[in-house]
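Asks: Sending over a structure as structure tokens; questions will come in a sec.
The values are calculated or read from the model by the stated rules, or taken from the named source; none is laboratory data. Since the model is a prediction, treat every value here as computed from it, not as a measurement. Virtual Cβ from ideal backbone geometry, glycine too; neighbours counted across all protein chains shown.
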Amino acid sequence: MENLEKIIKGCLAGKRISQEALYKEFSSKMYAVCLRYSGSEDEAADNLHDGFIKIFQNIKQYKFKGSFEGWIRRVMVNVCLEKFRKPENKFTVSSSEWTETDAVFNNVADFVSANELMEMIQKLPPRYKLVFNLYAIEGYTHQEIAVQLDITEGTSKSNLSRARTILQEKLNEIYFSDKEGHLPVWKKKKSI
Amino acid sequence: MEKEKKHIDNLFSEQLSNYEAAPPSGSWSRIENTLWEHRYHAFRRKVMRIAAVAILFVGLAGGYLYYTISQNVTDISPAIAEQTNEVSTSAELKSTNLTNTLSSGKNSSKEPVSYPIEEKTKITETTASTADNNAITFPPDNADVETGFSINTSSTAQEGGNEVLTFESMESIAAVPVSPTENTNSKTVPKAIHSLFVAKKLNEKDNLNQFANDFAPLAKDKSISQEQEAEWMIGGQIAPLYSYRNISREGAVPANTAWYNEIETPLYTYAGGVNVNYSSGNRFRIRTGIYYLKLGQGIDDVRAYTAMGADVYGDYKNSYTEIAVSNSVGKITSKSSGISELSNLETTPGSTLRVTNEVSSSLATAGDISNLKIEQTYEYLEVPLLVEYKIIDKTIDMLFITGISANFLVGNQVSAVDGAERFDIGTTENLNTINYSGTLGVGFAYNIAQQVSLSLEPNFRYYFNPINATGIFDHHPYAFGFSTGVNYTF
């Protein structure tokens, strides 16, 4: 912790060696964050690059209060969201696609790796992916998501629900294909 | 239902919230390059701002000088008109009075002589004046006083080759138009001199010798005198210095230059010495002397480790007793005082660091940063040859100073600084023993006594030739100084 503080102070002074140390400390975690919000590794690498540049340029805004990792994670997420906010990346998702699922989920977690989960998220449609990440992993509320993505709360809820459905269906596919004989209770309404 | 849905959220949250994935190789290099670009643009903006301020300053200074000169011309214009009228009247009156007064003199019957007035001829004491009742005699201590103008009298007023200011000449001066500036020519006289003649309102009761006594000190006055005597000046100066360097070499990798610009920092040092100045009597002055000055740089990127081959770095004195440092000047040779090994780093930005010395090498990854700082200093005896030009000659003189200096290396030290502690750890190899530098500055001088003045000189030194004979860059130190000193004129 003391070392991290020294690195942060070095970054505040603009020292390149400290910036490199900070990058090495957090790049893996932040790249994972970028992967969750991106559709490809290239896009994730771009977001990682832009995120760290933003961190180094704005590190003075960190006041040594609260988790530093939480702070840089928020910066990274915002960078990913900024990309989404660009007009060319506005994806229209009709609310009519939303269907309230009654899927039942069981102990699939024991049989699915983090890499597989990451891959599933990456394959989600862009806005479903954003809403699911923000709600399920980052802990944002629908109200906050609506503000961040410039959508209504209802749209946020419907996107989340749709994302869950898709993910559950994907999980179901994996489970049935890999774990035959350990049939979970799935009530699949429709497939993607 | 909600519980089941929450469960899928939790599944992803638990599995992915702390998920890590190695970023693509070259990711840091890409970030680093962007940072360098940003830094370069920021530096360029900074330079542009400084240049803008400098141009503004020069413009304002030029404007002020122009205004000052213009104001002087404006100030004396009404006086010229007024005094011209007065001269006409006074000259007519005096003409009559003087004729009567001087009727018994040898030259009293002579017609007024035309007195061409020439620049830069001296009025000297005359030995012939005792034989001429109409001549003004100057006290002996006024010999060789320059007045900025002269009067070539007729042969009747000249004796033994010495020039004599006659009463007629005084009258003539009063009738000559006043110069709008202090520069005289053959048709005008300086304002102050002219005013003196007019103000005296010479008549038959005036005592010419008394007038001469009045005139003499005035002639010494700087405002009248265009030329001053040749003079010598000795003094001493001390100055705090802001010392840094410029590194360059044809074909150098920009990233390497940027790397050393990043890890090497300016150093605050000092300079001091004695100077001798000579002025031949005009606004120019030549200065030489001998100064001691210390230049150098700091190095922030210092690694401390336990032993050669170690791949863990830490803070110095916390069992990490060996240090490694890289610099742009040249190899640092350790003389070991509590530090068992000192090595140079061979480094490429974005890559691992290779610690090397003569006997072994190891590959180490960047780790903790030592709390040490290295200071690399070079001490010189500087022998300058500077030219000063007095831009403003007022209560506080303003000088422009420029010239070149020879610098002789007399010291070379590398120190490790750990907070308040300092260790002498070695020297830098292959430094040139003689270097040449240029100086540019502005000086301000204020006379606190007749022969004693205080000086204040912001100045800039730049070393023309690289101070290092080897190394990966040509290393040109420079320094901003703020000299203060005392001078004695004789």
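Asks: Condition first: crowded, with 20+ Cβ neighbours inside 10 Å and either charged (D, E, K, R) or not in a strand (DSSP E or B) (or both). Can you find one or more residues in the stretch B:435-455 that meet it?
Replies: No, because not a single residue in the stretch B:435-455 is crowded, with 20+ Cβ neighbours inside 10 Å and either charged (D, E, K, R) or not in a strand (DSSP E or B) (or both).
Asks: Among the residues of the stretch A:8-17, count how many are facing chain B (nearest Cβ under 8 Å) and part of a helix (DSSP H, G or I).
Replies: 3
Asks: Quick check on my filter: what residues within the stretch A:28-52 are within 7 Å of chain B (Cβ to nearest Cβ) and surrounded by 21 or more Cβ atoms within 10 Å (Cβ to Cβ)?
Replies: A:Tyr31, A:Ala32, A:Leu35, A:Arg36, A:Leu48, A:Phe52 - these are the residues of the stretch A:28-52 that are within 7 Å of chain B (Cβ to nearest Cβ) and surrounded by 21 or more Cβ atoms within 10 Å (Cβ to Cβ).
Asks: For the stretch B:17-38, enumerate the residues that are at the interface with another protein chain (Cβ under 7 Å from one of its Cβ atoms), within 54 Å of the chain's Cα centre (by Cα) and not in a helix (DSSP H, G or I).
Replies: Correct list: B:Pro23, B:Pro24.
Condition check ((1) surrounded by fewer than 18 Cβ atoms within 10 Å (Cβ to Cβ); (2) in a helix (DSSP H, G or I); (3) at pLDDT below 55; (4) over 20 Å from the mean Cα position of the chain (by Cα)) across all residues:
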{"site": "A:Asn159", "(1), (2), (3), (4)": "no, yes, no, no"}
{"site": "A:Arg164", "(1), (2), (3), (4)": "no, yes, no, no"}
{"site": "A:Glu169", "(1), (2), (3), (4)": "no, yes, no, no"}
{"site": "A:Glu173", "(1), (2), (3), (4)": "yes, yes, no, yes"}
{"site": "A:Phe176", "(1), (2), (3), (4)": "yes, yes, no, yes"}
{"site": "A:Glu180", "(1), (2), (3), (4)": "yes, no, yes, yes"}
{"site": "A:Lys188", "(1), (2), (3), (4)": "yes, no, yes, yes"}
{"site": "A:Ile192", "(1), (2), (3), (4)": "yes, no, yes, yes"}
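Asks: Still on this structure, I have one more. Looking at the structure I just gave you, is A:Glu20 over 18 Å from B:Gly26 (Cβ atoms) and either part of a helix (DSSP H, G or I) or facing another protein chain (nearest Cβ under 7 Å) (or both)?
Replies: no
Asks: State yes or no: is B:Tyr389 under 20 Å from B:Gln237 (Cβ atoms), in contact (Cβ under 8 Å) with a residue 40 or more places away in the chain and touching a Phe, Trp or Tyr at 6+ places or on another chain (Cβ under 7 Å)?
Replies: yes
Asks: Identify the residue in the stretch A:29-69 that is hydroxyl-bearing (Ser, Thr, Tyr) and part of a helix (DSSP H, G or I) and, among all such residues, is modelled with the highest pLDDT.
Replies: Restricting to residues being hydroxyl-bearing (Ser, Thr, Tyr) and part of a helix (DSSP H, G or I), the top hit is A:Tyr31.
Asks: So for the stretch B:39-61 (the condition being in contact with a strand residue (DSSP E or B) (Cβ under 9 Å, 6 or more places away or on another chain), part of a helix (DSSP H, G or I) and at pLDDT below 65), does at least one residue qualify?
Replies: No, the conditions are met nowhere in the stretch B:39-61.
Asks: Looking only at the stretch B:257-295, which residues are closer than 30 Å to B:Trp36 by Cα, polar (S, T, N, Q) and away from chain A (no Cβ under 14 Å)?
Replies: Result: B:Thr269, single match.
Asks: So which residues in the stretch B:280-322 are assigned to a loop (DSSP other than H, G, I, E, B), over 24 Å from B:Val414 (Cβ atoms), modelled with pLDDT of 55 or more and in contact with a Phe, Trp or Tyr (Cβ under 8 Å, 6 or more places away or on another chain), if there are any at all?
Replies: B:Arg283 - this is the single residue of the stretch B:280-322 that is assigned to a loop (DSSP other than H, G, I, E, B), over 24 Å from B:Val414 (Cβ atoms), modelled with pLDDT of 55 or more and in contact with a Phe, Trp or Tyr (Cβ under 8 Å, 6 or more places away or on another chain).
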